[in-house]
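The values are calculated or read from the model by the stated rules, or taken from the named source; none is laboratory data. These numbers come from a predicted model, not from an experiment. Backbone-built Cβ (ideal geometry, glycine too); neighbour counts: all protein chains shown.
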Amino acid sequence: MRSIKPIILSLFIGILPLQAQEEEAIALSEIVISTKAGIDRNQLAKPNGTLDEYLSEKIDMVKRGNYAWEPSINNMTSERISVTIDGMKIFNACTDRMDPVTSYVETVNLSKAVICSGFDGSDPNASNCIGGSLDLKLNKAGFCQDGFSANANAGYENNGNLWIYGADAAYASPQFYVNSGIFHRSSGNYYAGGGKEVPFSQFTKNNVFANLGYLPKTGKALEGSFIYDRADNVGYPALAMDVRKAEGLITSLAYTAENPLPYFYKWENKIYYNNIVHIMDDTHRPDVPVRMDMPGKSRTGGFYSTLHGRNGKHRYSFNFDGYYNQSYAEMTMYPRNSGELPMFMLTWGDIRTANSGLFGVDEWRITENHSVRLSGKLSLQRAGVQSRFGWETLQGYYPDMERFDNRLTGNLSARYTFRKDAWETAAGAGYGNRAPSVSEAYGFYLFNTFDSYDYIGNPHLKNESSTSGDVLLKYRKGSFEAKAEVSYFYFHNYIIGKPAADLYRMTIGASGVKVYQNLPNASLWNSSVSAKYGFLEYFTLSGKATYARGRDNAGGNLPLIAPLSYNASLSFSRNRFYAEAGIAGAARQTDFSPEYGEDETPRYLIANLSAGYSFKVGKFIFNLKSGVENLFDKQYSTYSDWNNIPRKGRNVFINLGINF
């Protein structure tokens, strides 16, 4: 048990937002993570929450433990969505997707997360974004007169004994800025509802970042960014292995010019490099039949150049981008009999991917009420197996396999919007395709604990394509707002793993082997309704419900599709005080897929409470926030909890911050 001193200390240091530079972003929705000091931070129920918790307010997250949840947009995950950090392509180094891109940043790194649905309004640097894209915008002090500012923060959560500490500082002038900080989280095993411990759910994480900007002359800017993130001793209760180390180094250098050409007001250029290292092992797992080590790495270098322009009723952008990625993963199995030799496999045989693309978008404001948006991207990709050993291994299953493969991908989308008085309606349509991912094309005996199958890639897969459409209806008048959205995706050559009866499993206890194949078609639709109402000056009532359905060509259910889910909250805000009560729940999941390892998930309903108070002493601004999650200690798991691992039971948190 820790001493009482850190608890007392945490009452005197805390978190308030960094100053963020506002910037234009084309998106269907966005989450503001950190804001200028003039905006009330109390509107965030949990100031020291993880990035996963913030993102889960807008999108679903696949959870394999207490750390590093995988984003899902329109009920599609890594292979079908694009996740970038400030436009930089980053790829995970783990074959089990235990290190999504979002795990290598903290909320203090970011100003906002821009989430785009489908092809419409997609990030110009995105690739394979059939389902949508997520771009995490870095938090930069910006060129302004703000001078020096600093923040310190700390927090504590009793469930799992989670401690959070951090500090950051910024200096901003019209010609120069710098902001940097450090952030730490550490947690033990958490407890599910009813007090049952969830073993192997501990983690430790440290994050360091810095941003620099310099104006050599008016209208010209040089900017650099640096992030180093490292997690150690990360437990994954839903998987067969844990993580010894997950490390990310992310760097960039950018040049921006104003009014570079007639009809163009801004020119952005960036080069970047990132190195991701991920090491899995099962050293601390009891009763392991065969001990394994599974290190992986991913290195990516890239660039983009974007021109932004306007002319009359048109606003447009053109983008050219490219990246080169190396993905490498191996597995060594150590028999219990020390006299037997270890077995070695290349699970990602040094896969190299080079990709470059051209993107264009034009938003035409036809009249005050009518606008049309057109966008498109065309990309050329060359990918293959650099390692001769890896290539020859796959040739055992695909004798005619070429070492490298060239593919052409692209997308087109159109969107019409009508706004008048309190109403807004919009309709969009798009078509595009994607190349197979590294695992889908070149993975070798990747064990999936969700359905207990080993997976083998297929380099002969066709590009997966999708035709999509969506409709939005929104009404806003006074303090009342309501919105309804529906989207539909129809896939051709849908990529998914199917059992291969003629292949024998490699993993002890596996149910068999699946090979990635193209299904003739599949379909997926998503729907949501939401409303918000402010009343009696200080109160706000809000709620949202979502439902999705996915089927393959034979009418079977697609995996990881959310059932009917809902949430509602009532908040009170007056002067420096803020309080909120909320509920979140889901109906019983009946449309699950046993073929892909799913079973029926029971319905659940949980309640949360939080309250906060801000006050000022001299030049110091304090922000105290505390709350209780899962108030009634409900034991539950959701459709997206890998292998039905239970979520946290009752959790009391406290955050206190100072800004000066």
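Observations, loosely collected:
- Of all residues making up the stretch 357-396, the number that are among the basic types (Lys, Arg) and more than 12 Å from SER413 (Cα to Cα): 3
- Pairs linking a residue in the stretch 75-86 that is closer than 11 Å to ASP135 by Cβ to a residue that is assigned to a strand (DSSP E or B) and among the acidic types (Asp, Glu), with Cβ atoms under 7 Å and 6 or more positions apart or on different chains, are THR84/ASP135.
- In the stretch 280-300, the residues that are hydrophobic (A, V, I, L, M, F, W, C) and surrounded by 17 or more Cβ atoms within 10 Å (Cβ to Cβ): MET280, MET292, MET294
- Scanning the stretch 463-483 for residues being in a strand (DSSP E or B) and over 30 Å from LYS532 (Cα atoms) gives a total of 4.
- ASN109 meets all of the listed conditions (1) surrounded by fewer than 24 Cβ atoms within 10 Å (Cβ to Cβ); (2) among the polar types (S, T, N, Q); (3) at pLDDT below 90; (4) closer than 23 Å to THR251 by Cβ but one, namely (1).
- Taken over the stretch 420-446, the residue count meeting the criterion of being of a type in the set (D, E, K, R) and loosely packed, with under 15 Cβ neighbours inside 10 Å is 2.
- Unique residue being surrounded by fewer than 21 Cβ atoms within 10 Å (Cβ to Cβ) and in contact with a Lys or Arg (Cβ under 7 Å, 6 or more places away or on another chain) when the list is LYS514, LYS498: LYS498
Residues checked against (1) in contact with a Ser or Thr (Cβ under 8 Å, 6 or more places away or on another chain); (2) charged (D, E, K, R); (3) crowded, with 20+ Cβ neighbours inside 10 Å:
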position	(1), (2), (3)
MET331	yes, no, yes
ARG336	no, yes, no
THR347	yes, no, yes
THR367	no, no, no
SER375	yes, no, yes
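- Failed condition for TYR475, given (1) modelled with pLDDT of 95 or more; (2) closer than 26 Å to VAL62 by Cβ; (3) surrounded by fewer than 20 Cβ atoms within 10 Å (Cβ to Cβ): (2)
- Residue in the stretch 159-181 that is of a type in the set (Val, Ile, Thr) and either without any contact (Cβ under 8 Å) to a residue 24 or more places away in the chain or buried (at least 24 other Cβ atoms within 10 Å of the Cβ) (or both) present: yes
- Meets criteria (without any contact (Cβ under 8 Å) to a residue 40 or more places away in the chain, touching a strand residue (DSSP E or B) at 6+ places or on another chain (Cβ under 9 Å) and crowded, with 16+ Cβ neighbours inside 10 Å) for LEU519: yes
- For ASP400: the one exception among (1) under 30 Å from SER511 (Cα atoms); (2) surrounded by 15 or more Cβ atoms within 10 Å (Cβ to Cβ): (2)
- Conditions (1) closer than 21 Å to TYR494 by Cα; (2) surrounded by 15 or more Cβ atoms within 10 Å (Cβ to Cβ): number failed by ASN608: (1)
- When PHE119 is tested against (1) under 21 Å from LYS245 (Cβ atoms); (2) at pLDDT below 95, only condition (1) is not met.
- Residue selected from the stretch 57-76 under the condition outside any loop (DSSP other than H, G, I, E, B) and not aliphatic (A, V, I, L, M), by the criterion farthest from GLY160 (Cα to Cα): SER72
- Residue in the stretch 190-206 that is crowded, with 17+ Cβ neighbours inside 10 Å, free of Cβ contacts under 8 Å to residues at least 60 places away in the same chain and either not polar (S, T, N, Q) or not in a strand (DSSP E or B) (or both) present: no
- Of the residues making up the stretch 120-171, those that are assigned to a loop (DSSP other than H, G, I, E, B) and either aliphatic (A, V, I, L, M) or closer than 30 Å to THR417 by Cα (or both) number 13.
- Residue selected from the stretch 522-556 under the condition among the aromatic types (Phe, Trp, Tyr) and surrounded by fewer than 16 Cβ atoms within 10 Å (Cβ to Cβ), by the criterion nearest to LYS477 (Cα to Cα): TYR533
- From the list ASP405, ASP400, ASP350, ASP321, the lone residue that is touching a Phe, Trp or Tyr at 6+ places or on another chain (Cβ under 8 Å) and free of Cβ contacts under 8 Å to residues at least 60 places away in the same chain is ASP350.
- Top-ranked residue in the stretch 147-158 [being polar (S, T, N, Q) and surrounded by fewer than 20 Cβ atoms within 10 Å (Cβ to Cβ); ranked as modelled with the highest pLDDT]: ASN158
Residues are listed down the side, and each one gets a yes or a no for (1) in contact with a Ser or Thr (Cβ under 7 Å, 6 or more places away or on another chain); (2) at pLDDT 95 or above:
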| site | (1), (2) |
| --- | --- |
| ASP232 | yes, yes |
| ALA240 | yes, no |
| LEU249 | no, yes |
| TYR265 | no, yes |
| TYR272 | yes, yes |
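- The single condition among (1) within 27 Å of the chain's Cα centre (by Cα); (2) surrounded by 15 or more Cβ atoms within 10 Å (Cβ to Cβ) that ILE621 does not meet is (1).
- Scope the stretch 607-653; condition within 22 Å of GLU197 (Cβ to Cβ), assigned to a strand (DSSP E or B) and of a type in the set (A, V, I, L, M); matching residues: VAL628, VAL652
- Considered as a group, the residues in the stretch 447-472 that are of a type in the set (Val, Ile, Thr) and under 23 Å from TYR596 (Cβ atoms) include one that is surrounded by the fewest Cβ atoms within 10 Å (Cβ to Cβ), and that residue is THR449.
- Exclusive hit being over 27 Å from ALA383 (Cα atoms), modelled with pLDDT of 95 or more and in contact with a strand residue (DSSP E or B) (Cβ under 8 Å, 6 or more places away or on another chain), set VAL486, VAL513: VAL486
- Selected residue (only one of CYS94, CYS116 is over 19 Å from ASP229 (Cα atoms) and not aliphatic (A, V, I, L, M)): CYS116
- Looking only at residues in the stretch 56-80 that are surrounded by fewer than 24 Cβ atoms within 10 Å (Cβ to Cβ) and aliphatic (A, V, I, L, M), the one that is farthest from PRO199 (Cα to Cα) is ILE59.
So that you can scan it fast, the table gives a plain yes or no per residue for (1) over 30 Å from GLN517 (Cβ atoms); (2) in contact with a strand residue (DSSP E or B) (Cβ under 7 Å, 6 or more places away or on another chain):
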position: PRO563; (1), (2): no, yes
position: TYR604; (1), (2): yes, yes
position: LEU609; (1), (2): yes, yes
position: PHE615; (1), (2): yes, yes
position: ASP633; (1), (2): yes, no
position: PRO646; (1), (2): yes, yes
